[in-house]
Structures are given as C-alpha cells and as structure tokens.
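The values are calculated or read from the model by the stated rules, or taken from the named source; none is laboratory data. What you see is a predicted model; the values in this text were computed from it and never measured. Cβ: placed from backbone, ideal geometry, glycine included. Neighbour counts: every protein chain shown. These accessible areas exclude ligands, DNA and RNA; they are computed on the full protein's heavy atoms, side chains included. Shrake-Rupley method; radii C 1.70, N 1.55, O 1.52, S 1.80 Å.
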Amino acid sequence: EKGGYKHFMLKEIHEQPRSIADTIRGRVLPDGSRIVYKEIGISYEELALTKKIYLVACGTSYHACLIGKYMIERIARIPVEVDIASEFRYREVPFERDSLFIAITQSGETADTLAALRYAKKSGVKTLTICNVVGSTASREADGVFYTHSGPEIGVASTKAFTSQIVALYIFTFALSKAKRANPADINEIFLSKLFHLPTMAEKALKLEDKIHQLAKEVYKKPNFLYLGRGLNYPVALEGALKLKEISYIHAEGYAAGEMKHGPIALVEEGFPVVFIVSDDLYLEKTLSNMEEIKARDGFIITISSSKEEKLKKLSDRFIYVEGINSYLNTVLFSIPLQLLAYHVAILRGCDVDQPRNLAKSVTVE
Ligand code: F6R
C-alpha cells in the first residue's frame with residue numbers, strides 16, 4: 001500500500017510528478033491555447049464579471065491561498081483577500097458586489113472552512129471550492145468545484161495535495177485572466193505552456209533527496225528554525241516551517257524576509273538555522289541583503305534557490321540549487337526539498353511522520 005516506501009508521506013512526496021500531471025490533465029490543452037471552463041461550474045461570463053476574490057482555508061491550504069493571491073493579483077489583475085477560515089466566518093465581511101468566494105480544502109470536510117463557505121453562500125456570494133476529495137461536503141455545497149485530482153492523501157502532513165492546489169490556482173488564474181482579458185493572449189500562452197514542464201521539473205527536484213538527507217543529518221538537533229522568503233516565496237516559507245514543526249516537533253517560524261528586522265532577527269545567534277527560499281526574480285537583491293544581516297550574526301544559512309548568483313552561494317552555508325520555471329511555478333518546485341527536509345529531520349528524530357502527535361487528517365470540529 002505504501003508502494004515500497006517506508007511512509008505514506010514519503011510516497012506522497014514522490015508521487016508529485018504524477019499528481020501534478022493529474023491536476024493539469026483535461027484542464028488545459030497541451031499547446032496552452034485553451035482552458036476548459038465547463039467543469040468549474042462557473043461560466044466564462046460570470047468569471048468576466050468578477051471584481052473581487054476571497055480565498056479562505058486552514059493550515060497548508062491557507063498557504064496555497066496566499067500563493068493564489070500573488071498569482072491572481074499579478075496575472076488576472078483582480079484584488080484578492082485571503083483569510084484563515086476560523087477568522088473569516090466571524091469577521092462579518094461586507095462582501096462586495098460581483099465577488100467570488102473560493103474555499104481551498106484537501107478533504108472538503110474541514111469544519112471552519114465549511115462554515116466560511118456556508119456564510120459566503122448565505123450572503124449571496126458565488127462560491128467555488130478547490131478540493132481533492134470527490135463528493136466531499138465542500139464539493140457538494142459550493143456552486144462550483146475545481147478538483148485537484150491528486151489522489152488520496154493518507155499522510156497527515158499535506159504534501160502532494162498542496163502542490164496540486166497551487167497548480168489548480170495557476171490554471172484558474174489563467175481562466176480568470178482570459179475571461180477578464182487582463183493580459184494579451186500570447187502572454188497567457190507563454191505562461192501556460194510552462195505548466196507542462198512542471199511534472200518533469202518536479203521529478204528533477206526529487207533527485208535532491210540525497211543532498212537534503214545529508215543536510216538533515218547536520219541540522220536535526222537544532223531546536224529552532226526560521227524560514228524566510230519574499231513575494232510568492234513568503235507563503236512557501238510559511239509552509240516549509242509548518243511542515244517541519246508538525247512532523248519533527250522542532251519550533252519553526254516562517255516570515256516574510258523583509259519583516260525579519262522587525263523582530264525575529266533578535267533570535268539569530270551563532271549557528272541558528274535560517275532557511276532562505278529565493279527565486280531568480282525582482283526580490284533577489286533585497287533577499288541578499290537580508291542574508292547579509294543573518295551572516296553578520298553568524299546564523300547558519302540554508303538556501304533553496306533557482307538562482308546561481310555568486311553572491312547568493314557565497315553567503316550560504318548550504319546551497320541547494322533547484323532548476324526553476326517561473327516564479328509562480330517555482331513555489332511548487334521549492335516546496336519539494338522543503339517537504340523532504342521536514343521528512344528526513346523528523347525521521348532522524350525518531351518521529352512518527354504519518355501520524356504526528358495531536359494532529360488529525362481532517363479537522364471536523366470547529
Ligand atoms: C498540514 C495540514 C493541515 C491542513 C488543514 C486543512 O500539513 O495538513 O494544516 O492543511 O487542516 O485541511 P483541508 O485542506 O483538508 O481543509
């Protein structure tokens with residue numbers, strides 16, 4: 001049942017090239033020229049009218065929402081509000097006209113997410129869910145469903161479901177962007193065609209496992225970790241930290257790299273591990289200066305990056321190069337080594353990775 005792997009989590013991490021391909025299949029034509037709208041249950045015309053999007057979820061799915069915000073705002077040019085489900089439902093949100101509410105949930109059964117979805121529906125807002133479990137409560141109650149089709153996820157820590165949520169958001173963003181005519185068609189096609197490289201690139205990212213395992217041996221006894229990123233990599237940092245803390249019980253925090261000097265830098269002392277997630281984009285320069293601040297305090301810098309910039313390598317104590325695609329899809333590729341790091345650290349610490357203490361696969365109480 002674990003397909004030769006020791007744990008479901010490891011199996012599911014390794015399934016990602018396939019699960020990502022399954023999320024893409026049937027939604028977009030291979031030449032990137034057409035997006036299939038029908039199954040979403042929300043018409044092209046309705047998408048074209050959308051003026052505001054609310055993305056709501058819990059835990060790892062919430063991190064996918066944050067990534068979605070960067071994608072939708074930049075590509076489709078529609079304002080997006082993101083919230084944690086348990087907060088959203090009590091906020092008494094004054095919904096704007098022509099809004100679309102999207103609940104992201106792997107299980108489709110998370111109580112707070114369902115409550116937020118029902119609240120939006122009751123308020124007369126059109127609702128969509130990005131969901132993995134076919135026939136789940138969320139999929140039955142929302143007006144539209146975008147299934148991630150990543151297959152059953154057994155490990156309590158979400159891995160392949162998360163990367164499929166990002167892929168679903170990427171496809172959805174282009175559907176929206178086309179409907180809104182936010183970008184010229186050729187730009188859409190350039191970005192969409194990149195998507196078809198993702199399974200192969202995920203396969204390549206998995207080949208980093210030995211390197212990550214060695215790294216895990218160096219750091220598994222550390223009591224605290226900080227994960228930093230900017231832009232789309234900020235939510236990736238949050239997710240990297242969540243993965244480590246939930247299965248290895250090491251205290252880990254994710255932060256926007258630019259926020260570091262507003263508090264968390266006080267923690268940094270000799271040998272303090274700081275994981276930087278860096279794309280080869282407009283944030284690179286700024287992130288380098290954050291790294292210098294850590295270096296000056298003798299922190300232990302682990303860098304996961306698609307850039308080969310010399311300065312970046314020089315500042316890093318350990319450098320993991322991940323071949324990238326674009327800053328949107330790199331969020332998927334960077335998540336893979338971060339999942340593997342959490343997994344190997346947890347194993348070295350003797351933890352039960354598939355059944356971490358105090359956690360349940362789906363949280364059906366509020
Ligand atoms: C973390 C994890 C949880 C879930 C959260 C929401 O690895 O799995 O944080 O992401 O409980 O679950 P779903 O997506 O089923 O609503």
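Counted residue by residue at 0.36 nm each, then reduced by the alpha carbon distance between them, the extension gain from Lys51 to Lys361 reaches 108.2 nm. Helix 59-71 and the long axis of the chain differ in direction by around 70°, with both axes built from C-alpha atoms. Computing FRET efficiency as 1/(1 + (r/R0)^6) for Lys38 and Glu81, where r is the C-beta to C-beta distance and R0 is 30 Å, gives about 0.65.
Accessible surface of Val36, taken over heavy atoms with a 1.4 Å probe and every protein chain present, rounds to 50 Å². Dipole check for region 99-232: with +1 at the C-beta of Lys and Arg, -1 at the C-beta of Asp and Glu, and the Cα centre as origin, the magnitude is about 300 Debye. For the pair Asp352 and Lys314, label points projected 7 Å from Cα toward Cβ lie 4.9 nm apart. For the chain, a simple Cβ point-charge model (Lys and Arg +1, Asp and Glu -1, everything else neutral) yields a dipole of about 280 debye relative to the Cα centre. Note that region 282-366 presents 44 Å² accessible area per residue, ligands and nucleic acids not counted, probe 1.4 Å.
If packing is taken as the average count of other Cβ atoms within 10 Å, what order do 151-158, 294-301, 44-51, 1-8 fall into, highest mean first?
The most tightly packed comes first, giving 151-158, 294-301, 44-51, 1-8.
For the pair Lys122 and Glu323 in one chain, pulling the backbone fully straight at 0.36 nm per residue adds 67.8 nm over the alpha carbon distance.
By the rule of a C-alpha distance below 21 Å, with chain neighbours fewer than 8 residues away ignored, the lysines paired with Lys160 are Lys2, Lys6, Lys11, Lys69, Lys194, Lys204, Lys207, Lys211, Lys243, Lys245, Lys361. In order along region 118-131, phi translates into HN-Hα couplings of 5, 4, 5, 4, 4, 7, x, 8, 5, 10, 9, 10, 9, 9 Hz, rounded to whole numbers, per the Karplus curve 6.51 cos²θ - 1.76 cosθ + 1.60 with θ = phi - 60° and x for Gly and Pro.
Charge dipole of region 136-210 (Cα centre as origin; +1 on each Lys and Arg Cβ, -1 on each Asp and Glu Cβ, all else neutral): 240 debye, rounded to the nearest 20. Potential lengthening of the chain between Ser193 and Asn224 amounts to 7.2 nm, from the contour at 0.36 nm per residue minus the alpha-carbon distance. Region 100-174 and region 277-323 have Cα centres separated by 34 Å. If one takes the longest principal axis of the Cα atoms in the chain, at what angle in degrees, from 0 to 90 and to the nearest 10, does the Cα axis of helix 284-295 lie? Long axis of 284-295 versus the principal axis of the chain: about 40 degrees.
Can you give the relative contact order of the chain as a percent, counting alpha carbon pairs under 8 Å and 6+ residues apart? Relative contact order here is 20 percent. Here Asp98 sits with roughly 60 square angstrom of accessible surface, probe radius 1.4 Å. In the chain, the calculated helix contribution to ellipticity at 222 nm averages -13000 deg cm²/dmol per residue, counting -39,500 (n - 2.57) for every DSSP H run with n ≥ 4.
In degrees, nearest 10, range 0 to 90: what is the angle between the Cα axis of helix 330-348 and the longest Cα principal axis of the chain? That helix lies at roughly 50 degrees to the long axis. Projected label points at Asp210 and Ala111, each 7 Å from Cα along the beta carbon direction, are separated by 4.8 nanometres.
By definition, a body whose alpha carbon gyration tensor gives a ≥ b ≥ c is prolate when a/c is 1.5 or more and a/b is larger than b/c, and the chain fits this prolate description.
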